[in-house]
Amino acid sequence: MSKPILVLNCGSSSIKYQMIDAESEELLAKGLVQRIATGTTGTIDHEVLSNNQGEYHVDQELPDHETALAKVFDLFREHGPNLDETVAVAHRTVHGGDKFAAPTLIDNEVVKTLRELSPLAPLHNPPGIAGIQAARKLLPNIPHVGIFDTAFFVNLPAEAYTYAMDVGTASQTKIRKYGFHGTSHQYVSQQAAKLLGRDDLKQIVCHLGNGASMSAVDSGHPIETSMGLTPLPGLVMGTRTGDIDPGIIGYLHRELGWTAAEIDTELNKRSGMLGLTGHTDMRDVQSAIDAGDKRARLGMDVYVHRLVFYIGGYAALLGGLDAITFTAGVGENSSEVRAEVCERLGVFGVQLDEQANSIRSKEPRVISTPESKVKVLVIPTNEELAMARQSVELLASS
Ligand code: ADP
């Protein structure tokens with residue numbers, strides 16, 4: 001029997017969605033809504049991938065998430081797949097604080113708790129809540145499931161999630177390391193264990209997309225991750241700094257008179273590879289390097305240095321290392337980044353198979369030599385499929 005799950009990812013001005021049959025794991029439809037509540041004409045691109053395949057485009061005023069979702073649902077009703085067969089809606093929710101350690105059935109109480117958590121993720125949680133409320137109103141008769149980006153990391157060891165600051169201040173303000181991209185780290189680490197046929201792996205997952213984060217996972221349990229209270233720290237990202245000296249924040253305020261909001265924007269939107277090289281996209285950075293651009297070369301050196309630094313630290317925390325997995329846009333596609341990182345990991349007995357590394361594929365694969373002491377893997381992430389699976393598991397158990 002088919003079990004279509006609608007997976008929603010609501011941002012402040014966009015909604016990404018997929019309809020996945022959780023039974024056959026077939027992608028039935030996907031779409032993207034853009035420019036919600038921006039005062040300009042919004043757009044919807046709806047693609048049907050199951051029966052009666054087709055692509056549909058709509059331009060329309062989209063003043064809020066509810067109008068946008070109502071229009072998306074009209075497209076489902078007009079072109080398919082059949083919305084009435086949907087068994088649940090899975091909502092990607094960025095910040096679950098320390099309240100949500102697992103997928104959760106959404107009711108009014110959960111929405112209230114999410115509202116209380118909004119100060120922790122002011123850019124992400126409010127649009128997520130708007131999407132949840134709109135979808136619950138438009139599809140009131142099926143369960144809605146919250147899947148939290150932070151959930152996989154709720155049970156990190158205390159010494160990993162605690163910041164070295166006054167414990168009273170930290171507890172009053174809920175400051176701790178939460179970690180993000182949890183659905184991806186969980187899915188990819190499980191796939192790695194499956195690919196290598198071992199449940200007791202000591203592994204490192206490098207999720208390198210526009211946002212980037214790393215996790216250390218021991219026998220399925222995360223013991224460290226690179227993002228923190230917010231998605232800003234850790235690795236160098238497309239536009240985010242990753243780790244910097246926290247003293248820089250006060251210094252920028254004193255020297256340039258920037259407000260908290262201006263500093264937030266600088267560190268989140270104008271830094272990382274964009275700030276270093278002038279390019280956000282790693283393909284553009286690589287082309288600039290190939291053309292002899294020294295600034296791009298330095299940017300890549302900083303990017304790789306940070307990755308190697310974290311891998312070394314995580315190997316020590318794990319007390320050994322069986323596998324390193326690359327995933328997300330850069331991790332899955334950039335053989336150059338993978339090669340530059342692995343070249344510097346000889347100390348751990350990492351040997352990259354150059355031929356295997358250069359192959360482009362959508363399949364999970366090993367790219368280290370048979371002699372390599374640590375297996376190096378590329379595993380395409382699929383957060384939407386993971387969310388659909390988790391929703392079905394929750395519904396089966398509740
Ligand atoms: P997001 O964090 O937005 O989900 P993705 O995981 O889709 O991001 O990754 C997007 C990034 O992947 C792009 O900004 C680009 O830097 C990188 N990328 C995509 N394709 C390639 C490629 N062929 N080579 C190198 N980098 C790539």
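The values are calculated or read from the model by the stated rules, or taken from the named source; none is laboratory data. Just so you know, these numbers come straight off a predicted model, no measurement behind them. Cβ placement follows ideal geometry from the backbone for every residue including glycine, while neighbour counts extend to all protein chains displayed. What goes into the accessible areas is simple: the full protein's heavy atoms, side chains included, and nothing from ligands, DNA or RNA. Shrake-Rupley method; radii C 1.70, N 1.55, O 1.52, S 1.80 Å.
All conditions but one from (1) closer than 28 Å to Thr183 by Cα; (2) open to solvent by 60 Å² or more (accessible area, probe 1.4 Å) apply to Ala29; the one that does not is (2).
In this structure, Ser287 does not qualify as surrounded by 15 or more Cβ atoms within 10 Å (Cβ to Cβ) and within 16 Å of the ligand (Cβ to nearest atom).
Would you mention how many residues in the range 315-340 are under 21 Å from the mean Cα position of the chain (by Cα) and under 15 Å from Gln203 (Cβ atoms)? Walk me through it before giving the result.
From the range 315-340, those under 21 Å from the mean Cα position of the chain (by Cα) are 323-335, 337-338; that's our starting set.
Within this subset, residues satisfying the condition of being under 15 Å from Gln203 (Cβ atoms) are 323-327, 331.
Of the residues in the range 315-340, 6 are under 21 Å from the mean Cα position of the chain (by Cα) and under 15 Å from Gln203 (Cβ atoms).
Here the condition is being of a type in the set (Gly, Ala, Ser), more than 16 Å from the ligand (Cβ to nearest atom) and open to solvent by 30 Å² or more (accessible area, probe 1.4 Å); of Gly257, Gly278, Gly228, it holds for Gly257 alone. On the stretch given as the range 65-96, residues that are closer than 23 Å to Ala22 by Cα, outside any helix (DSSP H, G or I) and not charged (D, E, K, R) total 11.
Does the range 260-271 include one or more residues that are open to solvent by 50 Å² or more (accessible area, probe 1.4 Å) and touching a Leu at 6+ places or on another chain (Cβ under 8 Å)? No; the residues of the range 260-271 include none that is open to solvent by 50 Å² or more (accessible area, probe 1.4 Å) and touching a Leu at 6+ places or on another chain (Cβ under 8 Å).
Among the residues of the range 209-225, those that are more than 16 Å from the ligand (Cβ to nearest atom) and crowded, with 22+ Cβ neighbours inside 10 Å comprise Ala216, Val217, Pro222, Glu224. Residue count for the range 311-330 satisfying the condition of being in a helix (DSSP H, G or I), out of contact with any Asp or Glu (no Cβ under 7 Å at 6 or more places or on another chain) and either open to solvent by 30 Å² or more (accessible area, probe 1.4 Å) or near the ligand (Cβ under 8 Å from one of its atoms) (or both): 5.
Taking the criterion of being open to solvent by 40 Å² or more (accessible area, probe 1.4 Å), over 23 Å from Ile248 (Cβ atoms), within 13 Å of the ligand (Cβ to nearest atom) and not in a helix (DSSP H, G or I), would at least one residue in the range 336-352 satisfy it? No - not one qualifying residue is present in the range 336-352.
A single entry from Val94, Val110 fulfils the requirement of being touching a His at 6+ places or on another chain (Cβ under 7 Å), among the β-branched types (Val, Ile, Thr), under 30 Å from Thr230 (Cα atoms) and buried (at least 16 other Cβ atoms within 10 Å of the Cβ): Val94.
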